[in-house]
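Notes follow the structure.
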Amino acid sequence: MSFARSVSGRLQRMGPRKLKTALAVITGLLLFGLITHGHYAASGDAVHYLVASRSVIFDGDLDLANNYADPGRLMQDAPELHARPGRNGVLRPVHDIGLPVLAAPVVGLAYRLAPQVDRLPESTRRKAKLNESIAFRQLICLFMIGVTCVLAVRLFAASVVVTGLTSAAFAWSLLYALSPPVQTHAYLFLTEIPTALLALVIYLRLDTVRSPHAQRAAVVLGALIGLLLLIHVRNIGLFLALAFLAVWRLERAGAVRRTFLAALAAMLLIRVGVNWWFWGTLFSTPHAHFAGWIGADPFITETLTRTFGLLFDPTHGLLFSAPIYLLAPAALVLLARRSRGAAVELTLIVACYLLFVVNPITNFHGWRGGWSPAARFLVPITPFLAMGLPLVVTTRVGVVAATVLVSLQIVVSAVQWGNPILTFHEGPGKALWIQKLVGPSVADALPSWEMLTPMLTLGAVVAMVLWWWLTRAIVSRGQARTPLS
């Protein structure tokens with residue numbers, strides 16, 4: 001305990017600015033170390049986001065036919081279902097265009113820098129296994145790692161605000177960034193990490209609509225919230241929750257509220273306009289549309305399967321890869337005792353996002369996220385799950401639980417850090433990283449959440465009861481201890 005207090009004291013004396021710098025540097029260096037191992041950044045949806053971004057920066061359009069046909073393209077993959085003929089037969093990306101458009105200058109710079117790898121000595125290139133294509137891939141990875149470092153810093157700032165624990169917030173923010181699912185998505189050119197950062201930035205800016213510059217702040221806030229839907233339509237839950245929280249703050253400021261809603265409406269019109277331009281429809285696309293009603297019993301069964309799968313599936317669930325999130329409910333309860341309003345807001349954001357993900361009508365794609373590391377669809381809400389975690393160490397049972405789970409998390413994170421290839425899966429099956437960690441017999445024995453069987457249901461109920469017991473033990477009154485600030 002004296003060692004912990006000594007470390008806490010040193011962190012406290014560093015001050016917020018130095019702590020943010022240290023957090024960004026440590027996170028960046030360790031994630032850079034991760035991409036020196038073999039990985040699959042040049043596969044899956046990421047390739048097709050990059051094709052769209054390449055078209056924006058070099059052609060000034062989103063007609064992808066010539067881009068997929070170009071044999072000189074640095075990341076080769078067939079369009080398959082990732083691009084479809086739209087209005088007038090133009091080949092359009094089925095993925096949302098927000099990330100490709102925003103990142104186009106970076107992608108263009110990476111395309112220009114990648115050929116410079118040939119200037120390196122041949123021995124260096126051979127040792128590093130570098131060619132033009134790999135150099136391009138790594139440059140994009142470095143950009144995404146930079147975005148992740150900013151996310152870690154912003155989480156630290158948010159966590160300090162809601163918990164008041166500076167040194168603990170630093171430690172938990174570092175663990176957050178270097179644990180799945182953030183660590184495993186940190187270098188991928190996908191929408192999840194940028195969405196998490198954008199949603200967190202919006203949350204931190206909500207109170208700016210009450211500032212002396214409220215009109216300008218309302219325009220910015222409305223634009224940022226609308227941008228969530230341009231990055232990915234799956235962010236509809238975040239869009240609705242954050243827009244509601246902004247309007248709630250503006251209940252008695254009619255003029256500012258109208259400005260905010262006008263900015264929000266302008267972004268929605270851009271989204272609808274792009275949809276009409278590409279597909280001739282206002283809202284639906286070949287990739288994003290409502291599914292039909294499947295009946296009450298199948299609807300409930302599928303929703304429960306997705307919910308439990310997102311938590312407990314060994315390949316694409318959250319808790320096997322990131323056991324620290326077992327502490328999230330306890331942290332939320334402890335946060336409610338400190339700030340009921342903050343706890344209610346975080347709960348609303350998480351619940352509203354999940355409503356559209358686990359719902360088979362609004363999300364017919366399923367819950368696994370395709371070819372990807374675990375918990376891809378949960379990455380956008382991880383800041384709101386992790387924000388209150390420092391409060392867990394303010395109770396005696398919380399310290400014990402945190403010690404055990406953090407130790408386990410460090411082991412899991414280290415295995416996945418050293419073997420990023422083993423973190424990718426497609427569909428059900430055994431988790432390759434679990435096989436490496438504890439052997440094939442354990443990995444083979446873990447069930448996949450494809451269909452909700454009676455045994456899986458019983459297992460889920462038992463797991464939820466144990467989780468509730470752990471949460472109750474942590475937050476039990478009378479267990480308070482002096483926190484390490």
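Laboratory data are not the source of any read-out in this text; all were calculated from the coordinates shown. None of the values given here were measured: they were computed from a predicted structure. Glycine also receives a Cβ, built like all others from the backbone with ideal geometry; neighbour counts cover every protein chain displayed.
Below is a table of values for the structure above.
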{"item": "Given (1) crowded, with 24+ Cβ neighbours inside 10 Å; (2) closer than 18 Å to THR36 by Cα, index of the condition PRO181 fails", "result": "(2)"}
{"item": "Residues of segment 79-133 that turn out to be touching a helix residue (DSSP H, G or I) at 6+ places or on another chain (Cβ under 7 Å), among the small types (Gly, Ala, Ser) and assigned to a helix (DSSP H, G or I), as a count", "result": "5"}
{"item": "Matching residues in segment 206-235 - criterion: being surrounded by fewer than 20 Cβ atoms within 10 Å (Cβ to Cβ) and part of a loop (DSSP other than H, G, I, E, B)", "result": "SER211, PRO212, HIS213"}
{"item": "Unmet criterion (only one of (1) over 29 Å from PHE278 (Cβ atoms); (2) touching a Pro at 6+ places or on another chain (Cβ under 9 Å); (3) touching a residue at least 24 places away in the same chain (Cβ under 8 Å)) for VAL94", "result": "(1)"}
{"item": "Filter pass, LEU155 being under 17 Å from the mean Cα position of the chain (by Cα) and part of a helix (DSSP H, G or I)", "result": "yes"}
{"item": "Matching residues, segment 434-466, being in contact (Cβ under 8 Å) with a residue 40 or more places away in the chain, within 25 Å of the chain's Cα centre (by Cα) and in a helix (DSSP H, G or I)", "result": "ILE434, ALA460, ALA463"}
{"item": "Qualifying position, being within 20 Å of the chain's Cα centre (by Cα), surrounded by fewer than 23 Cβ atoms within 10 Å (Cβ to Cβ) and farther than 23 Å from ILE202 by Cβ, among PHE356, PHE308, PHE299", "result": "PHE308"}
{"item": "Subset of segment 24-61 (residues that are of a type in the set (Gly, Ala, Ser), surrounded by fewer than 18 Cβ atoms within 10 Å (Cβ to Cβ) and outside any loop (DSSP other than H, G, I, E, B))", "result": "GLY33"}
{"item": "Qualifying positions in segment 178-205 - closer than 16 Å to PRO420 by Cβ and outside any helix (DSSP H, G or I)", "result": "LEU178, SER179, PRO180, PRO181, ALA186, TYR187, LEU188, PHE189, LEU190"}
